[in-house]
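Participant: Right, I'll just put the structure down here and ask away after.
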Ligand code: ATP
């Protein structure tokens, strides 16, 4: 069996901790699990709620952003207007033998350099042969025998450019892989088929060659039926993003809350995508939660709002403890059809950098489309010019579940303290599922009673945990592992002077605090 890499091992440890301590379980585990779906256990649900709460507060405390909770099922025309019915698809190929399914770009993203070079060289040789007029000598079943069809095909110009660049020492990077997938194979499914038929691309799962089908588009929306009759007229979708609920409610929210453009609407909610490749734990799942905000502004101010939101959102992730060196902002080179500018905040997961939030200037695309499809005006009145206009939108779209995973990965650390190993989850206190553990040093002399009373009092205002089993060192370790930022210990001095020790998770330093001051001491350090 192949050895797992250190980054895979790290991810495995995080997944195992998540399960063992009740952060995340596989969905329907006793039935063998459901791919791409996860359940949040007692600690996970607390942490996820804390993350969403941090986001919600950051958005709504500004005064120029209103909240919304739109339904998951929406009128099917919404998804026609948004372009999801037509465009929300990925080109996929299937293996006829083992039935595995792949996104074409992923196939190329994970292919070895040697294989990729082999494909480029073969395409190049075929082109050369054709140019020299030797094509006629190729056999009927030769995969490239149809090359003359591509006489004026600009993609072949790029094959020459890429081949020459590779010969000149160009490295095969992610962009080049994307380019190959998009330009050669997604744009030309029959060319992909010919390369497959020539045996150059094997199925990554079963290793067989000549078994992959031609790419075809696969819509990522889950479809279901509304009402008792299961026919096409009753088909509706589980929303693949929360944003459209905001667009269709734009006027409702503006009028009822008496906001004026510029203002924003924010929403947290479940989204569903029938993702093909769901690996990497919570990173890409079929059911997930998003935290999206659409900021409505006047055309002309959109560029500046885009920059402002980019910075605001970056600072938010930083404020919850994400270190600068594990984050990066990646501007999109290829923009979606609706976007004027876009970029992603990415976090360095154990498997590499991946998007945790997208920031997009969506122009007036969405509101304009909903006006066209619904026949209802979504324009606003400009008090200065006395004219009506359709606002532009700057969107911030973060993943709550993906962000949750990023914080787990960022927090997880193994270290040696006084010759002993400890696993510590360095979560921001606001995110930590349990804020404080209360521990009697020993189970006698009235210490358990005092500790239970203190824990009961604290529980009214923060998530706390009483633990009296095992040596106190082990109890600290159990709390470190789930990210509990503080542990309060009741010892023999407490009985005399009513003070306790408070141990801080990361520094492991202890301070002595009067029992009556514990709640305030902790609250000041937990609240954002
Ligand atoms: P990706 O390129 O990773 O598929 P996307 O660009 O399609 O993501 P958006 O539509 O911009 O993502 O969604 C906003 C956020 O929602 C993403 O930054 C991510 O955090 C989260 N998200 C999107 N798809 C998923 C998914 N399948 N599982 C978990 N989170 C997701």
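No lab work stands behind these numbers, since they all come straight from the coordinates. All values derive from a computational prediction rather than experimental measurement. Positions of Cβ are generated from backbone atoms using ideal geometry, with glycine treated the same way; all protein chains shown enter the neighbour counts.
Participant: For segment 403-528, what does the relative contact order come out to in percent, with C-alpha contacts under 8 Å and a separation of six or more? Present the calculation step by step, with values, prior to reporting the outcome.
Facilitator: Numbers: 210 pairs, mean separation 31.2, N = 126.
Here the relative contact order equals 25 percent.
Participant: Of 30, 246, how do they rank once you tally other Cβ atoms within 10 Å and put the fewest first? Write down the numbers at each step before the final one.
Facilitator: Numbers: 30 6, 246 24.
Fewest to most other Cβ atoms nearby, the residues stand as 30, 246.
Participant: How do 16, 27 line up, fewest other C-beta atoms within 10 Å first?
Facilitator: On the way: 16 10, 27 16.
Listed from fewest to most nearby Cβ atoms, that is 16, 27.
Participant: Let me ask another. Please report, for the Cα atoms of segment 251-380, the Rg to one decimal and the Dmax as a whole number; what are they, in angstrom?
Facilitator: 16.7, 48
Participant: Starting from the Cα-Cα distance between residue 330 and residue 115, subtract it from 0.36 nm times their residue separation and give me the gain in nm to one decimal. Don't skip to the end; give the middle numbers.
Facilitator: Numbers: separation 215, 0.36 × 215 = 77.40 nm, distance 2.79 nm.
Length gained between residue 330 and residue 115: 74.6 nm.
Participant: When you have a sec, figure out the Kirkwood radius of segment 1-111 from all distinct Cα pair distances and drop it here in Å to one decimal? Could you put the intermediate results ahead of the total?
Facilitator: Numbers: mean 1/r = 0.0530 Å⁻¹.
Computed over Cα pairs of segment 1-111, the Kirkwood hydrodynamic radius comes out at 18.9 Å.
Participant: Taking only the alpha-carbon positions of the chain and ignoring solvent, what does the Debye formula give for the base-10 log of I(q)/I(0) at q = 0.06, 0.08, 0.09, 0.11 Å⁻¹?
Facilitator: -0.40, -0.68, -0.83, -1.10
Participant: Dividing the Cα radius of gyration by the Kirkwood radius, what Rg/Rh value follows for segment 292-360?
Facilitator: Numbers: Rg = 12.8 Å, Rh = 13.0 Å.
Taking Rg over the Kirkwood Rh, I get 0.99.
Participant: So if each residue of separation counts as 0.36 nm, and I subtract the Cα-Cα distance between residue 224 and residue 170, what length gain in nm does that give?
Facilitator: Numbers: separation 54, 0.36 × 54 = 19.44 nm, distance 4.77 nm.
Between residue 224 and residue 170, full extension yields an extra 14.7 nm.
Participant: Enter the angle in degrees (range 0 to 90, nearest 10) between the Cα long axis of helix 472-481 and the first principal axis of the Cα atoms of the chain, meaning the one along which they spread out most.
Facilitator: The answer is roughly 30 degrees.
Participant: Please report the relative contact order for the chain, taking Cα pairs under 8 Å with a sequence separation of at least 6, and give it as a percent rounded to a whole number.
Facilitator: Working: 859 pairs, mean separation 71.7, N = 528.
With pairs under 8 Å counted, the relative contact order is 14 percent.
Participant: For n ≥ 4 DSSP H runs only, could you compute -39500 (n - 2.57) per run for the chain, divide by its residues and tell me the 222 nm figure to the nearest 500? Please report the intermediate quantities before stating the final value.
Facilitator: Values: 18 runs with 191 residues, N = 528.
It comes out at -11000 deg cm²/dmol, rounded to the nearest 500.
Participant: Which of the peptides 162-174, 36-48 is most tightly packed, and how do the rest follow, judged by the mean count of other Cβ atoms within 10 Å per residue?
Facilitator: Details: 162-174: 12.8, 36-48: 19.0.
Result, highest mean first: 36-48, 162-174.
Participant: Roughly how tilted is helix 365-374, in degrees to the nearest 10 and between 0 and 90, from the longest Cα axis of the chain?
Facilitator: 80
Participant: Here's something else I'd like to know. For segment 265-364, calculate the relative contact order in percent as a whole number, restricting contacts to Cα pairs under 8 Å that are 6 or more residues apart. Present the calculation step by step, with values, prior to reporting the outcome.
Facilitator: On the way: 117 pairs, mean separation 19.3, N = 100.
Over segment 265-364, the number comes to 19 percent.
Participant: Express as a percent, rounded to the nearest 5, the fraction of DSSP beta bridges in segment 370-474 (both residues included) that run antiparallel. Don't skip to the answer; put the middle values down first.
Facilitator: Details: 8 of 11 bridges.
Rounded to the nearest five, the antiparallel share is 75 percent.
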